[in-house]
Every structure is written in C-alpha cells, then in structure tokens.
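Asks: Structure incoming, see below.
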Amino acid sequence: MPIFRVDPSRGEPPFQQLVDAVKRAVATGALSPGDRLPSVRDLARELVLNPNTIAKAFRELESEGVTVSRPGAGTFVAERRPTMSREERRRRLEEGFEAVLTEAVPWGATDEETRKAFEDAMARLRGAKGGGS
Amino acid sequence: MSAQGNVARWDRVTVCFGTHRALDGASFAVPVGGVTALLGRNGAGKTTAIRTLLGLLAPTRGSVEVLGHDALAVPPALRARIGYVGEGHPLPRWMKVKDVVAYQASGFPTFDRAQCTRWLERFDVPRTRRVMQLSRGMRAQLALAVALAPRPDFVVMDDPALGLDTVARREFLEVMIDLIQEEGRTLLLTSHVLTDVERVADRVVLLDRGVVRVDAPLDDVRRLVRRYELVHAGVPPETLEPIAGLVRARRRHGRWTVTVRGEEAAVVAAVRATGAEVAGVEPLSLEDVFVEYTTREEVLS
C-alpha cells in the first residue's frame, strides 16, 4: 500500500490532497485495479485526520469513478473501464491542458519548454509505473 | 440536546470586564457531533466564551445554552456528561498519578479505568510519580486522560496542546482522532496550532476582539476564502471600490491584492465591475485565512 501524504499547511484542503494522492497512485500504477484501500478508520488513524475528511475524499473518488465501494467489503480501485466516451475524454484532456497553459503563458514559457515539460511528465509517470510493478 | 441540534449555543453574548468587552454580541453554536474549533488571537474572547459555557462566568448580556439548559443552571447529571480540559491543566500537585486517576474515577460513575490506563501507557506517564514531578507535557496528557476517561458526550478543551512538544502533540492528536471515531461525540477546542485544527476540525468559529468573524464548515472556509491579485489599466487607484465579501485589501509594489470570501466566479465578476482584472487566484491554508481575518490593518501605502 503506498503512503499517502497529506500536509495541512498546504493551500489545498486535506481531503483534496488525499483525492489527488490516490489518483496519483492509480496513475503511476502504485495502486492497481482491484486493490483494496484502507478503511476510513485506519486511514484516519494513519494520516491523523478527521474521519469525516477521509470519508469525503472517498465519496469524491467514487463519484469520479476512481474507486468502487462494496458494502461490507470496503473500497477498491475501480477497473479501468472506458466509462467515458471518446468525446468526453477529449473534452477533459483539453480542459486540463488549457488550465495549465493559461497559467504558463503569462510566465513566458516557450512552446518548446511546454512540450518538453509535458514529455518529461509522461516519462516520469511511466518510469514510476515501471518501478512500482 | 436542544431542538436545533446544538450542544451549545451563544445568543448575542456580551461579557464586560470593566470597560473592556471580552465578548461583544457574539452568537454562534456548536452542533451535535463532530469537532468545532474556536479560533482567535490571545484576548479574542475564546476562554471567556468557554467560561460562560461551563457556567463559571455569567454573561453581562445575552445567554448561553448547553445541553438544552441555561449554562448557569445545568443539572449535575448533565454536567457530568461534559468533559473539560482546561488551560494550564490544573491538577493537585502533591498527588501521585495513580491517585489522580482514582480520585477522578470516584467522581464519575462512567469512568473507564482500562481506557485511562491505556492512554497513560501510550503517553508514557509514570503512574507512581507525583504531579509536581511531571513535565508540562505529561501533566497535559494526564489531564487529558482523566477528563476523557468518563466518556463524556461533549468534550471542551481550552488550548489542550499548550506546552506539548511535537511528538506529544501528535500522540494527543491521535487520541483525539480515536475520540472522534466514536459516533455522536461532540468536541469543542481552542488552539493556536492551525495545522492541527485543519487535521481534526469540521467547523471553525473565528473570534476577533469579542466579535464572531467566521462561523462555517472548515471546507467552506477553505474553498471560499481566496486571495486575488488585481491588475488595473494604468496606475492602480489609491483606494479600491467596495467588493462584496472583502476580508482584506493591500497595495504592494503598486498592485492591489485582495482577500475575499465568495464563490470565485462571483468574486471575479465583482472585481471586473470595479474596472480591474484578476491576474491570479490563490487558495489559502487555514493559517493564511486566520492571518487575513485578524491582522490589524497597517496603513496602506
């Protein structure tokens, strides 16, 4: 089980940090489909966070289709199903990149730098995946 | 519990000490279940609010209700359901730890000795040592263990982490998480360690000079209070036009930065209506929010 890091002194609320940490673990392959997440109770203890915060993160992950919960059994990483249409995937990718680029343009990032940063990020994800499995 | 689902409620409470108003028309409530954090700088009125809650201090005006009764007339059986960990952790100095436990246990029929012992072992508090020989941190932990062992429904803690080192504070937080895990228990605490508050609180009430500035779920505070950097065409104005929900405005290096409470889209629209554009938005940690609300305004230049 990967260690999720939550730092309350950061700008994003702790529940959002946990959501991002789990998504990241799934993206890098540190968590695979079918893996069981710790219970709310155990994670609250481990991260020293209010259980309501953990429960809220779990609800968010489930509503985004990252996890599924089976009553009585726990919360599991969802199978990677193409639940989103091709069109929806394209729309979300576009939205995500647009947000990053809107930030980057005022810094004066060149096209070349932007492309390189994107490729490096992809390589890092793939590298972590290779190392993790 | 009262009809509104509140464990405690302050209704337009003013407390005067001579000409000084420790609380100034403060209204807020502690809902059943979960953790409410009462925040504010030293002298903001936190301890005064807690003293009125415990019936140790009568409001000059207004009223305080706890467990459905006026705070000054809570029946003893109900009072026993309130656990209190006080500032400075007053305990009889000459008593041995195990005697403090026995003494407290004799006063509460619901006292859970096994749990109390487990906590003291976890904290490494030696049972045969006298209170006066304990470190500040150990005294705090002993006070916590004996206050919580009766399994109170409503736990009130006034700066319980004061005097604890980093490791002891973390152990203390872990005990708090254990407590919250038990359904239906309500906690009210004051603290200056806002990263700890961020870990455990569901709700925050922020007092500033006796006045309630924030009374909201922590998530709302984190989501709604943000810092916006503004750009004006040409020279930035000397003063800003009013923006709804404005918490604080500063002009630095010729640019205005404002902290505003509101939905981001609405704030951006409000800023545009004043003839400026938003150049950047920054989410704030609870510590940042606290500073933004309670800093005495310097002269802007």
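The values are calculated or read from the model by the stated rules, or taken from the named source; none is laboratory data. Everything numeric here is computed off the predicted structure, so don't read it as measured data. Quick reminder, even Gly has a Cβ in these numbers, built from the backbone with ideal geometry, and neighbours come from all protein chains shown. Keep in mind that these areas ignore ligands, DNA and RNA; they rest on the heavy atoms of the full protein, side chains included. Shrake-Rupley method; radii C 1.70, N 1.55, O 1.52, S 1.80 Å.
Asks: Determine the shielding of peptide B:276-287 by partner chains: average, over its residues, the number of Cβ atoms on other chains within 10 angstrom of each Cβ. All intermediate terms of the calculation are to be shown ahead of the outcome.
Replies: On the way: counts 0, 0, 0, 1, 2, 0, 1, 5, 1, 7, 4, 2.
Shielding by partners across B:276-287 averages 2.
Asks: Rounded to the nearest angstrom and ordered from largest down, what semi-axes does the equivalent ellipsoid of segment B:221-294 get from its C-alpha gyration tensor (root of 5λ)? Show your work: numbers first, answer last.
Replies: Details: eigenvalues 77, 36, 20 Å².
Working from the Cα gyration tensor, I get semi-axes of 20, 13, 10 Å.
Asks: Give the accessible area for B:Arg9 in Å² (nearest 10); use a 1.4 Å probe, count only protein heavy atoms, and leave out ligands, DNA and RNA.
Replies: 70 Å²
Asks: A follow-up question, please. From largest accessible area down, sort B:Met157, B:Met138; use a 1.4 Å probe on the protein chains.
Replies: Working: B:Met157 0, B:Met138 45 Å².
The most accessible residue leads, giving B:Met138, B:Met157.
Asks: Now for a different question. Show me the GluC sites (Glu not before Pro) within segment B:155-239 that DSSP assigns to loop and that have at most 12 other Cβ atoms within 10 Å of their Cβ.
Replies: B:Glu182, B:Glu183, B:Glu238
Asks: Mind putting a number on the dipole of the protein assembly as shown about its Cα centre? Charges go on the C-beta only, +1 for Lys and Arg and -1 for Asp and Glu, and I need it in Debye to the nearest 20.
Replies: Dipole size: approximately 1300 debye.
Asks: Can you give the FRET efficiency for A:Leu125 and B:Ala73, using 1/(1 + (r/R0)^6), R0 = 51 Å, r = Cβ-Cβ distance, to the nearest 0.05?
Replies: 0.20
Asks: Round to the nearest 10 and give me the degree value, 0 to 90, for the angle of helix B:166-181's Cα axis relative to the longest principal axis of chain B.
Replies: Here the helix axis deviates by roughly 80 degrees.
Asks: Averaged over A:5-14, how many beta carbons belonging to a partner chain fall within 10 Å of each residue's beta carbon?
Replies: 5
Asks: Given the C-alpha atoms of the protein assembly as shown, compute the convex hull and give its volume per residue in Å³.
Replies: 204 Å³
Asks: Among the GluC sites (Glu not before Pro) in segment A:1-103, which ones are in a DSSP loop with at most 13 other Cβ atoms within 10 Å of the Cβ? Mind listing them? Walk me through the numbers before you get to the answer.
Replies: Numbers: sites: A:Glu46, A:Glu60, A:Glu62, A:Glu64, A:Glu79, A:Glu87, A:Glu88, A:Glu94, A:Glu95, A:Glu98, A:Glu103; in loops: A:Glu64, A:Glu79.
Passing sites in segment A:1-103 are A:Glu64, A:Glu79.
Asks: Within straight cross-link reach of A:Lys23, meaning Cα distance under 27 Å, which lysines are found once same-chain residues fewer than 8 apart are removed?
Replies: Once the sequence-local lysines are set aside, what remains near A:Lys23 is A:Lys56, A:Lys116, A:Lys129.
Asks: Could you pull the accessible area for B:Lys98 with a 1.4 Å probe, rounded to 10 Å²?
Replies: 80 Å²
Asks: May I pose another question? Accessible area, 1.4 Å probe, largest first: how do A:Val68, B:Val30 sort?
Replies: A:Val68, B:Val30
Asks: Counting only protein heavy atoms and a 1.4 Å probe, tell me what percentage of segment A:86-132's accessible area is made up of carbon and sulfur.
Replies: In segment A:86-132, the share of accessible area belonging to carbon and sulfur is 58 percent.
Asks: With solvent modelled as a 1.4 Å probe, how much accessible area in total do chains B and A shield from it at their shared surface, in Å² to the nearest 100?
Replies: 1600 Å²
Asks: Could you give the accessible area per residue of chain B, probe 1.4 Å, as a whole number in Å²?
Replies: Result: 45 Å² per residue.
Asks: What does the charge dipole of segment B:221-294 about its Cα centre add up to, to the nearest 20 debye, if the Cβ of each Lys and Arg holds +1 and the Cβ of each Asp and Glu holds -1?
Replies: That gives a dipole near 80 debye.
Asks: Quick check: Cα centre of segment B:169-239 to Cα centre of segment B:1-79, how many Å?
Replies: What the calculation gives is 19 Å, centre to centre.
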